[in-house]
Amino acid sequence: METIGRRRVLSLQVSTGKYPDFVQHIMALAKKKQSSYVCVSNVHMCIEAVDDPAFAQRVNEADLVTPDGMPLINAIRLLYREHYDRVPGMDLMPSLLAEIEKQAMGVYFYGGSPEMLLKTEAYLKKTYPGITDFHFYSPPFRALDETEKSAIVTQIRASGAQIIFVVLGCPKQERWMAEHKGKIDACMLGIGGALPVMIGMQKRAPMWMQKASLEWFYRFMQEPRRLFKRYFYTNNKFLFLLFKEWLKSRFSKEWKLKNHNK
């Protein structure tokens, strides 16, 4: 297994490497029942981290910060001239579920609506019949008190699940995982919008759009009213800040080269 490194993109320390190594690394954490968490990063998360340093710290303290979107892969290519695999949550979930099935491990889904979790259960039984140890919890749409939080932690620990898929959306799921590190002896993954796509509640962009960094646009076309403000703000700010970062790195390299040649 090759080493997974990190590269800074704006405020995020994004993990870099080959896709199979990410799957192996997550499974190794799960097998050891190590309290850990994985953030699946995209442009939205990147700008959330820029706007909120405390959130950036929570994400950067994760065991892995996978590069979900092509814009992050392209940003690393632009800033460092290095090529790494994209690790999208929509691919990572099926890969991990296949490994969970092979190794007869337990899995827990925390978050999502009751309807979504019912569809998830039906999907698992049909697609991964070897997974028999699965658990679900749909939390209420309000802040939980300390007694409720403690009861949920007890329930998750009692399940014995080694992988927890957290379906709360960014930035809520990342904050939840950071808060529960050390409390839950399992590997937690924030999968956000990957679950409804996997179980067929939403459609995924065709491959040519994924490769062209347009998967966000496909999602926008499905939910324009909900996503307009997010994408208009985050995408433009990401491009602006990335351009500034590129100029800074380029002129810094040129200055070092000139001084080295004196």
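Of everything in region 54-84 that's acidic (Asp, Glu) and at pLDDT 95 or above, which residue is surrounded by the most Cβ atoms within 10 Å (Cβ to Cβ)? Within region 54-84, the match that is surrounded by the most Cβ atoms within 10 Å (Cβ to Cβ) is ASP63.
Restricting TYR84, TYR110 to those that are outside any helix (DSSP H, G or I), under 24 Å from SER159 (Cα atoms), of a type outside the set (A, V, I, L, M, F, W, C) and under 20 Å from the mean Cα position of the chain (by Cα) reduces the list to TYR110. Taking only region 126-152 into account, find how many residues are surrounded by 10 or more Cβ atoms within 10 Å (Cβ to Cβ), aliphatic (A, V, I, L, M) and within 14 Å of TRP176 (Cβ to Cβ). Looking only at that region, the number is 2. Beta carbons closer than 9 Å, at least 6 apart along the sequence or on distinct chains, pair a first residue in region 58-84 that is within 18 Å of THR3 (Cα to Cα) with a second that is among the small types (Gly, Ala, Ser) and assigned to a loop (DSSP other than H, G, I, E, B) for ASN60/SER11; ILE73/SER213; TYR84/GLY17. When only residues in region 240-253 that are of a type outside the set (S, T, N, Q) and surrounded by 13 or more Cβ atoms within 10 Å (Cβ to Cβ) count, which is nearest to LEU79 (Cα to Cα)? Out of the qualifying residues, it is TRP246. Which residue, of PHE251, PHE232, is assigned to a helix (DSSP H, G or I) and either touching a helix residue (DSSP H, G or I) at 6+ places or on another chain (Cβ under 8 Å) or modelled with pLDDT of 75 or more (or both)? Only one candidate passes the filter, namely PHE232. Please determine, by comparing only the residues of region 1-24 that are closer than 16 Å to GLY69 by Cβ and hydrophobic (A, V, I, L, M, F, W, C), which one is surrounded by the fewest Cβ atoms within 10 Å (Cβ to Cβ). The qualifying residue surrounded by the fewest Cβ atoms within 10 Å (Cβ to Cβ) is LEU10.
The values are calculated or read from the model by the stated rules, or taken from the named source; none is laboratory data. Since the structure is predicted, the reported quantities are computational estimates derived from the model, not experimental observations. Cβ atoms come from the backbone with ideal geometry, glycine included; neighbour counts cover every protein chain shown.
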